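Beneath this line is the structure, given in structure tokens, with notes to follow.
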Amino acid sequence: MLGSPASVLELDSRTAWSGAGREGADHGTPAARRAGATLPGLTAWLAERGEPAYRSDQVARWIFQKRARSFAVMTDLPAGLRLALESSWAVYQTRVIRRQTATDGTDKLLLECRDGRRIETVLMREEDRRTVCVSSQVGCGMGCVFCASGLKGVERNLTVGEITEELLHARDLLPEHERLTNIVVMGMGESLANLENLIAALDRICSPSGLGLSQRAVTISTVGLPEKIKRLAALDRRYHLAVSLHAPTEELRDQLVPINHKVGLRAVMEAADHYFAVTGRQVTFEYVLLGGINDRDRDARDLVALLAGRKAHVNLIPYNPVAGLPYERPAPRDLDRFVRRCRQGGLSVSVRKTKGKRIDAACGQLRRRIAEATIPASAGNAGAAIELATPGGSIARLGG
Ligand code: SF4
């Protein structure tokens, strides 16, 4: 796809951030609407050709609300303009190169970007919820020892357009009468390391002219970058924050989450407290349970002590092994005991259900495996039954 026309969905993140400070927090406000499903590059191009400004809105409506994948179907545009658009612009800059569907309806997409880099996006179906898990970077630089995504480090941030397209590709898997209901930013990458592009894409998707999701239906997960958490709090959005804790002490977290050496658990907790104080939104703490490593009685006790006095919820994620990594899922009795100890200590705890069994649902797993195999030129591998592994990050946090 290198050398192909620029996508109308690409957006300079600075465009979306302008005017979208504290006053522009809610997507119902004029400022947030301006930061919505606009196509600024296309708008400028249209203006140069003497086309009215509303043409850009027409194109956006076709893409976001009518699922258009080409300009040819945009029948309320003049035929000549459609031809000119086809030769100068692309609707999408990513393409689906692999789709895996689990028996529970979970879909995992492998997308290829214009530069050939690949990312993963997952759609989960549960009762009336339709949740997409998006990636925010190619690879990840945080290096959590149990995660496939971080094995080769980070290659680059995803652009606003690429993140937007992840959501649209997932949306397009749904029948016309269904809508996305939730977004979780728990895929490949450290979401707050790409904060500006991520917020620009989420603002656009949540705007009434985008897909119209409530900001409250979006969860941004982070390994814990204190300054970025504070910056997110200052933006005054309604997005929910989830902090990936994985260990209740500095010492253990240093071992499991190497970035902790730099930031420190204390600073992460202070930032989480700050987020709650500023936004009033309860923070979720995610904790991947690794058999024999952080699921012991003393770990439960330390976790209770760490969160004592905080209004918080803990999401426990039993680990699913990743090929080549030496970590194991906890035994059922150890999981039960850990949950019991936490609850006895007064913590609000849930255990994440496994979704997407028998696909490469672990974050980074599909990308990693496909990198070593021949890739078919088209999507449509529905029904592929390949082993699921769920790491601590990303999809692990969803499916684990
Ligand atoms: S668990 Fe998340 S933050 Fe850690 S390496 Fe994996 S993707 Fe990055």
Which of the residues spanning segment 218-254 are away from the ligand (no atom under 13 Å from the Cβ) and in contact (Cβ under 8 Å) with a residue 60 or more places away in the chain? Thr219, Ala234, Leu235, Asp236, Arg237, Arg238
Counting only residues that are surrounded by fewer than 24 Cβ atoms within 10 Å (Cβ to Cβ) and either on the phi > 0 side of the Ramachandran plot or of a type outside the set (Val, Ile, Thr) (or both), segment 149-166 contains a total of 6
Total residues in segment 313-341, condition crowded, with 17+ Cβ neighbours inside 10 Å and either of a type in the set (Val, Ile, Thr) or under 16 Å from Val351 (Cβ atoms) (or both): 15
Filter segment 289-346 for residues that are part of a helix (DSSP H, G or I) and among the aromatic types (Phe, Trp, Tyr) and give the result. Phe338
For segment 202-210, does any single residue satisfy the condition of being within 14 Å of the ligand (Cβ to nearest atom), in contact with a helix residue (DSSP H, G or I) (Cβ under 7 Å, 6 or more places away or on another chain) and among the hydrophobic types (A, V, I, L, M, F, W, C)? no
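Okay, residues lined up against (1) closer than 25 Å to Gly143 by Cβ; (2) small (Gly, Ala, Ser); (3) at pLDDT 95 or above:
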| position | (1), (2), (3) |
| --- | --- |
| Val263 | yes, no, yes |
| Ala267 | yes, yes, yes |
| Val314 | yes, no, yes |
| Pro330 | yes, no, yes |
| Asp336 | no, no, yes |
| Arg341 | no, no, yes |
State yes or no: is Ala271 of a type in the set (A, V, I, L, M) and farther than 22 Å from Val184 by Cβ? no
Count of residues meeting criterion [surrounded by 13 or more Cβ atoms within 10 Å (Cβ to Cβ) and either assigned to a loop (DSSP other than H, G, I, E, B) or of a type in the set (Gly, Ala, Ser) (or both)] in segment 70-94: 11
Does Gly264 satisfy the criteria of being touching a strand residue (DSSP E or B) at 6+ places or on another chain (Cβ under 9 Å) and either in contact (Cβ under 8 Å) with a residue 24 or more places away in the chain or within 24 Å of Gly187 (Cα to Cα) (or both)? no
Inside segment 95-148, counting only strands (runs of 3 or more DSSP E) that do not spill past its ends, which hold 3 or more residues that are buried (at least 24 other Cβ atoms within 10 Å of the Cβ) and not assigned by TED's automatic domain parsing to the domain that holds Leu289? none
Does any residue of segment 208-226 turn out to be touching a Gly at 6+ places or on another chain (Cβ under 6 Å), modelled with pLDDT under 95, assigned to a loop (DSSP other than H, G, I, E, B) and small (Gly, Ala, Ser)? yes
Within segment 181-197, does at least one residue satisfy the condition of being in a helix (DSSP H, G or I) and under 18 Å from Tyr92 (Cβ atoms)? yes
Output the residue which, of all residues in segment 253-288 that are part of a helix (DSSP H, G or I) and charged (D, E, K, R), is farthest from Gly150 (Cα to Cα). Asp273
Limited to segment 108-144, what total is found for residues that are in contact with a Gly (Cβ under 8 Å, 6 or more places away or on another chain) and among the charged types (D, E, K, R)? 3
State the number of residues belonging to segment 129-158 that are modelled with pLDDT of 95 or more and either of a type in the set (D, E, K, R) or away from the ligand (no atom under 16 Å from the Cβ) (or both). 6
Across segment 200-227, the tally of residues that are charged (D, E, K, R) and surrounded by 23 or more Cβ atoms within 10 Å (Cβ to Cβ) stands at 2
Could you say whether any residue in segment 40-50 is outside the structural domain of Asp203 (by TED's automatic domain parsing), surrounded by 13 or more Cβ atoms within 10 Å (Cβ to Cβ) and in contact with a Lys or Arg (Cβ under 7 Å, 6 or more places away or on another chain)? yes
I'd like the residue in segment 177-195 that is in contact (Cβ under 8 Å) with a residue 24 or more places away in the chain and surrounded by fewer than 18 Cβ atoms within 10 Å (Cβ to Cβ) and, out of all such residues, is nearest to the chain's Cα centre (by Cα). Thr181
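The values are calculated or read from the model by the stated rules, or taken from the named source; none is laboratory data. All values reported here derive from a predicted model rather than from experimental measurement. Neighbour counts are summed over all protein chains in view; Cβ atoms, including those assigned to glycine, are modelled from backbone coordinates with ideal geometry.
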